[in-house]
Amino acid sequence: MNIQEFLTIFISAVFIYNVILSRFLGLCSFIAISKETKPALAMSFAVMFVIVSSSMITWFVYRFMLLPFNLTYLRTISFILVIATFVQFVEMVVRKVSPQLYRAFGIYLPLITVNCAVLGVAVLNIDMFFLNGKQVAGSFYYSVFQGLCVGLGYTLAMLLMSGIRERLQLCNVPKSLKDFPLAFIIGSILSLSFMGFSGFSR
Amino acid sequence: MKNLVKEFTKGIIKENPTFILVLGLCPTLAVSVSVANGIGMGIAATFVLLGSSAIVALVRDFIPDKIRIPCYIVIIATFVTIAELCMKAYSPVLDRALGIYVPLIVVNCIVLGRAEAFACKNSMARSFFDGLGMGLGFTLALILISGIREFLGSGQILGHALIKGFEPIFVFGMPSGALLVIGLLLGFFNLLKNRKA
Amino acid sequence: MKNNLIVSGSPHIRKEGSVPRIMWTVAASLIPAEIAGVVIFGLDALWVTLAAIIAAVLSEWAFGIFTKRKITVLDGSAVITGILLAFNLPSGVPLWLPVVGAVFSIFIGKQVFGGLGQNIFNPALVGRVFLMASWPKYMTTFPRPFSYDAVTSATPLAILKEGKILEHISYLDLFLGKRGGCIGEVCILALLIGAAVLLIRGYITWHIPVTYIFTTAVFTYIFGAGQFFHGDWLFHILSGGLILGAFFMATDYVATPLTAKGQIIFGVGCGLLTAVIRLWGGYPEGASYAILMMNAATPFIDRYTKNRIYGSK
């Protein structure tokens, strides 16, 4: 486990292979919710929380339930069940504990279940930090950290996008490009700019 | 019978999942780098769509409403796992090319969306054709996008060079180019839609 | 009733000059750098610039016709986009390259947002990164200065990125432009003349260029060499597209923050990103990417640095 690896994970998850702008995970929510900053921020926090938690849980499930019993082909089913259950659980807890928080975040939670980014990161962690059926040294910490960084990258993209789209409300965009098409084009330009980070060696 | 045909055709143009319903974009953009990958993903997704829509429609009366989404997910995940395993066995090249996007078919908005919006309210036969149509529409959209991207990005389609001396425009093979193509295509289809109205 | 009230987003240009006058002055201020480019790289530079300008103007005109909007070609902004795009290209590129780039700049960098005053990103830079991603080979092949033929040489920053030792380049060489590079970025002297004109007339303010350049200098001084505080900051300021970017592209009215405080943040951000990419990233030059990223952050910077309305908390 070394600092270098953490730094690499940070830079690649947030900038070079940004979860939205480069891996296209979480795109549906990105396009749909990035119109205004407040919902975008709420969604980002919720997503980050779910990703980090589910990274942890799925790692354990894989390591202690699937691997030892040679059930790795059940990865997809078990992971998505874990995520769906977890989100449902969180929703219930939030609703009980803090109705205000529920009003702010609650409606986004069910959406996160099908957010490609959550399942995507869980699968990515396994692909990256398990080799030949055995875990890489520090695998758990890398996985959780990657989850955190992916969440950060998601937040960054959402914030940039929502700031831009809010500003564009005042502009007269050509009619056929309004909303979705323009959002994609902006994403394209953002993706181009983020390419400046590629090739980082350190 | 005519009804069934209608369910089938609407998924191709009028309610094309990619361009009209704007669903399932994550894998669309990621795999559309080459037409071969696009077709592969399209077939896999169609298979899952067919299976899950049919089964959901079959058992729709037995699923309690409160836990219906998790139930759908389990059904979908089962078909995805089958598809995953078949792909790993019979076409490992494709499996490697599509990478994490194969298991991600589970959360593909198209599949879950059709289960929630259609299969749980309609007969098995109609759901089957709906799934078929949507899957075909999705595959066609994939072919269109990946055709553009592969041609512009590498000068080839399905590995065959088309125009001699064509300078490939690399950006189209990259995420940025993907976003650009879908943005412009969506704008183009919007234009057609507005003109008709 | 509808025509009495005009609601538009900021920025509202408050100078006495009208928009066309400002634009044409900016275009004029770029002429010294253009002349320098032609002297250093030959007539190719001129053709590339003209191709870009013509393509940009025609694109804007065509877009206006196709969408049935006002034709804004005469306000000079398309011309500036064309010139700035050309300045970011090596002089040896095939002429279709600036044409494609200019079309992209105008269509995707500007018009899809609604035209002048509404673009989020600097259009010329959008075109430039598009070209860089699409045809990297052409975009990184630089003719030797003063040779007027097809001999190529690497730019100082590229040599540095590969870790080779730089020879035969003095600061004066860098300042006057005796080095490989893009058409408009090499002759610092010419660029500064043009920038001085704009500063004197008040068309650009000092905040962004100065903070941008200063931040890059400080950062490269601290981190630019094996030991801390040994970096060759003067070299970094004078090479690559930093001066061009800091004075002419990072100061784009529309794509940058409104307030002085916001502009300083913008400048610092650009400087940091440029230095980081130059020192540790894969590309030898990071100015274009840095500016575009800060363009994207501008709506946010504006939000948090807007002047307080009198009477509110």
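Nothing in this text is a laboratory measurement; each read-out follows from the coordinates by a stated rule. Keep in mind that what you see is a predicted model, and the values were worked out from it rather than measured. FYI the Cβ positions are ideal-geometry reconstructions off the backbone, even for glycines, and counts take in every protein chain you see.
Using only alpha-carbon positions, what ratio does the radius of gyration of segment A:5-161 give when scaled by 2.2 N^0.38 Å?
1.03
Which loop chymotrypsin sites (Phe, Trp or Tyr not before Pro) in segment C:201-244, with loop taken from DSSP, have no more than 16 other Cβ atoms within 10 angstrom of their Cβ?
C:Trp206, C:Phe228, C:Phe229
What's the long-distance tail for segment B:2-196, i.e. % of Cα pairs beyond 20 Å?
Percent of Cα pairs beyond 20 Å in segment B:2-196: 56.
Along segment C:107-122, what does the Karplus equation 6.51 cos²θ - 1.76 cosθ + 1.60 (θ = phi - 60°) give for ³J(HN,Hα), rounded to whole Hz, x for Gly and Pro?
My calculation for segment C:107-122 gives 5, 7, x, 9, 6, 5, 8, x, x, 4, x, 10, 6, 7, 10, 5 Hz in order.
Output the lone cysteines of chain B: those with no second cysteine's C-beta under 4.7 Å from their C-beta.
Flagged as lacking a Cys partner: B:Cys71, B:Cys86, B:Cys109, B:Cys120.
What residues qualify as long-range amide H neighbours of B:Ile157, i.e. H under 5 Å apart, gap of 5 or more or another chain, H built at 1.01 Å from N?
Sorted by chain and number, the residues that satisfy this are B:Leu162.
Using only Cα atoms, tell me the angle between helix A:37-61 and the longest principal axis of chain A; keep it within 0 to 90° and round to the nearest 10.
10
Name the residue, out of A:Cys149, A:Cys28, A:Cys171, whose mean-square fluctuation peaks in a Gaussian network model built on chain A with Cα pairs under 10 Å.
In this elastic network of chain A, the residue with the biggest mean-square fluctuation among A:Cys149, A:Cys28, A:Cys171 is A:Cys171.
Return the average number of partner chain Cβ atoms within 10 angstrom of each residue Cβ along peptide C:284-297.
Mean shielding by partner chains, rounded to a whole number: 4.
Before rounding to the nearest 500, sum -39500 (n - 2.57) across all DSSP H runs of length at least 4 in the protein assembly as shown and divide by the residue total; then give [θ] at 222 nm in deg cm²/dmol.
Taking each H run of at least 4 residues, the total per residue is -20000 deg cm²/dmol.
Taking Cα centroids, how far is segment C:26-56 from segment C:171-198 in Å?
Here the two parts' Cα centres lie 13 Å apart.
Cα-based Rg of the protein assembly as shown per 2.2 N^0.38 Å, rounded to two decimals?
Here the answer is 1.00, to two decimals.
Please list, by residue number, every one of the chymotrypsin sites (Phe, Trp or Tyr not before Pro) in segment C:241-310 that is coil in DSSP and has at most 14 other beta-carbon atoms within 10 Å.
C:Tyr310
Quote the FRET efficiency, to the nearest 0.05, computed for B:Arg195 versus A:Lys134 with a Förster distance R0 of 60 Å and r equal to the Cβ-Cβ distance. Please report the intermediate quantities before stating the final value.
On the way: r = 59 Å, r/R0 = 0.99.
Once rounded, the FRET efficiency stands at 0.50.
Which part of segment C:171-213 falls in the paramagnetic zone of C:Leu234, meaning amide N under 17 Å from the point 7 Å along Cα-to-beta-carbon?
Zone members listed by number: C:171-178, C:188-189.
If only Cα atoms are counted, what is the Rg of segment C:91-219, and what is its Dmax, in Å?
Cα only, segment C:91-219: 17.0, 48 Å (Rg, Dmax).
With just the Cα atoms of segment A:70-202, tell me how far they stretch along each of the three principal axes, in Å, largest first.
58, 48, 26
Helix A:139-168 versus the longest principal axis of chain A: what is the Cα-based angle in degrees, 0 to 90, to the nearest 10?
That works out to roughly 10 degrees.
Using R₀ = 22 Å, calculate the FRET efficiency as 1/(1 + (r/R₀)^6) where r is the Cβ-Cβ separation of C:Thr25 and C:Trp47; round to 0.05.
0.35
Apply the Karplus curve 6.51 cos²θ - 1.76 cosθ + 1.60, θ = phi - 60°, to the phi angles in segment B:147-153 and return the couplings in whole Hz, x for Gly and Pro.
Once θ is set to phi - 60°, the couplings for segment B:147-153 become x, 4, 5, 5, 5, 6, x Hz.
Which of B:Met41, B:Met124, B:Met174 ends up with the largest GNM mean-square fluctuation for chain B, with Cα atoms connected below 10 Å?
Looking only at B:Met41, B:Met124, B:Met174, the biggest GNM fluctuation is shown by B:Met174.
Considering the options B:Ser123, B:Ile55, B:Pro103, tell which one lies farthest towards the positive end of the dipole of chain B, charges being +1 on Lys and Arg and -1 on Asp and Glu at the Cβ, about the Cα centre.
So the residue furthest toward the plus end is B:Ser123.
Quick one: dipole size for chain B, taken about the Cα centre, charges +1 on Lys/Arg Cβ and -1 on Asp/Glu Cβ, in debye to the nearest 20.
540
Could you state the principal axis extents of the C-alpha atoms in segment C:166-313, from the largest down, to the nearest angstrom?
61, 36, 23
Please give the Cα centre distance for segment C:227-264 versus segment A:163-202, rounded to the nearest Å.
23
Rg/Rh for segment C:19-305 to two decimals, with Rh computed the Kirkwood way over all alpha-carbon pairs. It would help to have the intermediate numbers written out before the result.
Details: Rg = 17.8 Å, Rh = 18.8 Å.
My calculation puts Rg/Rh at 0.95.
On a 0 to 90° scale, report how tilted helix B:175-196 is relative to the longest principal axis of chain B, with both axes built from alpha carbons and the result rounded to the nearest 10.
Roughly 70 degrees, rounded to the nearest 10.
For peptide C:118-127, how many partner chain Cβ atoms fall within 10 Å of a residue's Cβ, on average?
Counting Cβ atoms of other protein chains within 10 Å of each residue's Cβ and averaging gives 3.
Lys pairs in segment C:19-305, Cα-Cα under 24 Å, at least 8 apart or on separate chains: how many?
Total qualifying Lys-Lys pairs in segment C:19-305 comes to 7.
Can you quote the Å³ per residue value for the convex hull of the Cα atoms in segment B:23-100, rounded to an integer?
Working: hull volume 7.4 nm³, N = 78.
Roughly 95 Å³ of hull volume per residue.
So which aspartates and glutamates pass the test for B:Lys6, namely a Cα distance under 20 Å, with those fewer than 8 places away in the same chain ruled out?
B:Glu15, B:Glu116, B:Asp130
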